[in-house]
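Chemist: I am attaching a structure below and will ask some questions about it afterwards.
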Amino acid sequence: MAKQEAIGERVTTMAENGFSSLKLFTGNSNPDLAYKIAEYIGVEMGRMTCTKFSDGEIRVQVDESARGTDVFIIQSTCDPANDNIMELLIMLDAFRRASAKSITVVMPYYGYARQDKKIKPREPVTARLVADLISQTGASRVVACDLHADQIQGFFDIPVDHLFLGPTIAAYLRDEGYADMDAVVVSPDVGGVARARAMAERLGKPLAIIAKRRPEPGKVEIVEIIGNVEGKVCIMIDDIIDTGGSMIQGAEALLVRGAKDVIATCTHPVFSSNCTQRLQESPISRIVCTDTIPIPKQKEVSKLTVLSAAPLLGEAIMRIHQNVSVSSLFDDWS
Ligand code: R5P
């Protein structure tokens with residue numbers, strides 16, 4: 001469980017403050033997380049129906065008044081990404097037409113984020129397209145966790161609160177004794193150095209970097225490891241584990257260079273296809289992630305620990321509703 005100290009001091013709860021103008025709703029992408037957020041805040045989940053018509057079209061019905069309220073929609077745009085995005089857009093349309101005062105879209109996981117720039121000619125920037133759809137359908141604000149690329153915030157012309165689950169993971173690692181070990185924090189690619197450095201500083205450990213190449217989507221080639229890993233416990237940290245290729249090949253390369261043990265941590269467990277089985281069979285000794293994306297029972301493996309993003313998201317929602325700083329939650333996380 002994430003510790004309260006990982007996310008700073010708790011602001012007063014809705015119940016303590018007697019607020020009634022905050023309403024929380026969830027789509028079908030991650031209801032378990034949404035209910036945990038509601039529990040943290042101390043509110044009931046808003047009543048709405050998100051089902052499908054017989055032809056597969058999405059049907060949304062808001063089952064209580066939202067007029068004049070601050071609506072927060074919890075929806076991760078994880079697999080099935082296209083259905084979850086469409087469901088979100090339809091929910092937004094419903095609340096805009098229902099005269100909500102504001103609509104905050106809380107996206108624990110922002111799908112399509114890895115398509116954030118043109119690398120080759122004639123490629124789309126799909127992360128921007130998704131941002132445009134959300135803004136233009138009526139969102140007042142977006143809350144997202146560990147966006148794959150910082151520039152995605154700038155794809156929106158509405159406020160974006162960018163939250164980091166690194167402190168939650170760091171608090172867990174401390175509890176598990178990793179801060180007392182001869183350990184090094186490892187970024188599995190050059191793009192993730194800032195995230196790994198923040199974790200290294202939080203745990204008081206040195207940093208190492210894996211330089212990797214992607215000859216094609218889903219394929220990984222390790223080019224170089226920068227930093228000393230010999231005899232050390234390596235704590236790899238990434239935003240996403242998808243096929244597991246970056247982590248597994250990274251771990252193998254670290255072990256070849258004399259690492260004593262390797263654990264893999266990430267915020268978003270995309271875990272496509274047989275990823276968790278591959279991780280389980282790999283030399284990685286532990287996998288730590290959060291619940292921004294639900295993990296189906298059949299993908300659970302014994303090496304896996306799932307921390308909840310609910311306290312952080314609940315805290316951010318209460319702060320937004322009460323106009324209290326959200327960024328101050330990360331004053332000591334750079
Ligand atoms: C990409 O740059 C991301 O930060 C992750 O490293 C990537 O999505 C992981 O993918 P996979 O698990 O398939 O190697």
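Where a number appears in this text, it was derived from the coordinates with a stated rule and is not lab data. None of the values given here were measured: they were computed from a predicted structure. In this analysis, Cβ positions are derived from the backbone assuming ideal geometry, glycine residues included, and neighbour counts consider all displayed protein chains.
Chemist: Could you give the size of the charge dipole of the chain about its Cα centre, using +1 on the Cβ of each K and R and -1 on the Cβ of each D and E, expressed in debye and rounded to the nearest 20?
Modeler: With Lys and Arg at +1 and Asp and Glu at -1, about 500 debye.
Chemist: To make sure I understand, if each residue's beta carbon is the centre and we count other beta carbons within 10 Å, what order do Lys118, Lys23 fall in, fewest to most?
Modeler: Lys118, Lys23
Chemist: Here is a further query. How large is the convex hull of the C-alpha atoms of the chain per residue, in Å³?
Modeler: 136 Å³
Chemist: Next question, about the same structure. Rg (Å, one decimal) plus Dmax (Å, integer) for the alpha carbons of the stretch 198-334?
Modeler: Over the stretch 198-334's Cα set, Rg and Dmax evaluate to 16.7, 52 Å.
Chemist: Given the pairs Lys120/Lys219; Lys260/Lys303; Lys36/Lys297, which span a C-alpha to C-alpha distance of over 20 angstrom in this model?
Modeler: Cα-Cα > 20 Å for no pair; all within.
Chemist: Quick check on the exposure proxy: order Arg67, Arg257, Arg202, Arg122 from fewest to most C-beta atoms within 10 angstrom.
Modeler: Ordered by Cβ neighbours within 10 Å, fewest first: Arg122, Arg67, Arg257, Arg202.
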